[in-house]
1. As a footprinting exposure proxy, order 134, 98 by other Cβ within 10 Å, with the fewest listed first.
2. Report the label-to-label distance for residue 184 and residue 9 in nanometres (one decimal), using points 7 Å from each Cα along the Cα→Cβ vector.
3. Using only the alpha-carbon atoms, how far is helix 106-115 inclined from the longest principal axis of the chain? Give it as 0 to 90 degrees, nearest 10.
4. Quick check on the exposure proxy: order 48, 166, 101, 81 from fewest to most C-beta atoms within 10 angstrom.
5. Over its Cα atoms, what ratio of radius of gyration to 2.2 N^0.38 Å does the range 8-54 give?
6. Hey, rough spin-label estimate for residue 145 and residue 97, points 7 angstrom out along Cα→Cβ, what's it come to in nanometres?
7. Helix 84-103 versus the longest principal axis of the chain: what angle, 0 to 90°, nearest 10, using Cα atoms?
8. For the pair residue 65 and residue 51, how long in nm is the line joining their label points, each one 7 Å along Cα→Cβ?
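Please treat every number below as a calculation from the coordinates, not as lab data. Note that the structure is predicted; figures quoted are calculated from it, not measured. Glycine gets a Cβ as well: all are built from the backbone with ideal geometry, and neighbour counts include every protein chain shown.
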């Protein structure tokens with residue numbers, strides 16, 4: 001007989017969410033991120049941070065997972081409200097925000113993934129599946145090519161983000177627009 005796990009108290013869940021938001025913002029801003037500054041920005045004590053995330057790796061893994069989940073879960077709403085080509089472009093920008101947040105935690109992620117301290121996520125597979133949905137809807141609507149492999153699009157999109165890591169946002173926007181133009185029939 002399995003027992004239902006107890007849901008965390010509302011204040012505990014709220015503090016965890018505040019910590020994730022503060023950490024996400026700190027990593028997106030770049031520069032050195034201290035656990036003390038994350039706790040302070042979240043408005044909680046360092047002990048509260050350590051109760052939720054006993055190590056930096058645990059915090060980074062949670063921020064990464066939460067952000068990836070958000071990116072993937074937001075995608076269907078774009079398709080519900082916009083034509084597929086415009087929905088894809090909005091998604092590209094949103095995914096770019098995810099990649100920018102990830103840059104600040106990349107060293108911790110890589111070290112954690114290689115040591116096994118952080119679970120390797122199925123990021124590429126999840127993003128490729130989302131892109132496949134946009135491409136299929138776009139082909140059906142006649143606004144996107146039907147011969148594009150979603151994996152190829154994932155690589156191209158990531159190439160834009162990685163090659164422009166130190167560029168201004170305007171170049172990223174222009175390159176994403178060019179990429180979208182290449183996807184039109």
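1. 98, 134
2. So the two model labels end up 5.7 nm from each other.
3. Orientation of helix 106-115: about 80 degrees from the principal axis.
4. Fewest-to-most ranking of 48, 166, 101, 81: 166, 81, 48, 101.
5. 1.07
6. 2.9 nm
7. Taking Cα atoms only, the helix is inclined about 40 degrees.
8. So the label points at residue 65 and residue 51 sit 2.0 nm apart.
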